[in-house]
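Below is one structure, written out as structure tokens, with a few remarks after it.
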Amino acid sequence: VVAEKPPATSSAELVELGRLFGTHRMAVFLQRRTYLSTLLVESVTEHGLFGRLQRIEVAEGSRQGRSGGKQQFLDDVTLSGGGILMDLGVHSLDLAVKIADSNSVDLLDASAKLDSGIDHEVHLSAVAHRADGDVQIDAFFSWTSDLPGTTRYIYERATLVTPARPSETVWVEAPGGAGLGSVVGPPRLVGATTIFQACSLLWSNALESYG
């Protein structure tokens, strides 16, 4: 079974879906996992190139990101299950937890601006627990503000900045914010640099996992 993200709106609902499908495998498409920039950040984190990962900051969304019509699924909570958190936020938060490589995350604080049950703006902070030290996660998603559309991975000796779109490069900043330049993913990392490549990799990975 292949499902679009998010497959459920609660952990209880996800457990129930797993029970209904029994021994059948279920895959969820989260395309940003395939981006070359994502694989590069994962590699940097795993090998400790810039020291320990300490903090992840997400700022994503814009006033042009809203659906713009009452009949659109994003404006109907019964169809979308929510607003910007379901539409955009799940991508960035999924990557934050994945790159932090943590199986234990605590939500510290969250707030949202709602309109007819649809969240148009969300702030949240969480902490991902690791054996070598916790990783702070701060996220801001908005359909009412123009945000840079980036995720900042803050290490002990540098910061990596990735865009929300597919990319083969990440921007590197020194402590204090001075730009150092960009890093291109090496050939050994096979990742997507376009949306079409991301979709293709998702299907390939799903089919391979099914054997």
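Annotations
- In this label model, residue 2 and residue 204 are separated by 1.3 nm, measuring between points 7 Å along each Cα→Cβ vector.
- Taking the chain and dividing mean pair separation by its residue count, relative contact order in percent (alpha carbons under 8 Å, at least six apart): 25 percent
- Neighbourhood charge, 14 Å Cβ-Cβ cut-off, centred on residue 182 and excluding it, Lys, Arg +1 and Asp, Glu -1: -2
- Within the shell defined by Cβ-Cβ distances under 14 Å, the residues around residue 162 carry a net charge of -1, with Lys and Arg each +1 and Asp and Glu each -1.
- For residue 155, the amide hydrogen comes within under 5 Å of the amide hydrogens of 54, 160, counting only partners 5 or more places away or on other chains and with H modelled in the peptide plane.
- Summing Lys and Arg as +1 and Asp and Glu as -1 over all other residues whose Cβ lies under 11 Å from the Cβ of residue 141 gives a net charge of -3.
- Relative contact order %, the stretch 87-211, counting alpha carbon pairs below 8 Å whose residues are six or more apart: 13 percent
- For the chain, a Gaussian network of Cα nodes joined below 10 Å ranks 36, 124, 53 by mean-square fluctuation, and the top entry is 124.
- Using equal-weight Cα scatterers in the Debye expression, the normalised intensity of the chain in log10 at q = 0.08, 0.11, 0.18 Å⁻¹ is -0.30, -0.57, -1.47.
Every number here is computed from the coordinates shown, using simple stated rules; none is lab data. None of these values were measured; they are calculated from a predicted model. Don't worry about glycine lacking a Cβ; one is built from the backbone with ideal geometry, like all the others, and counts go over all protein chains shown.
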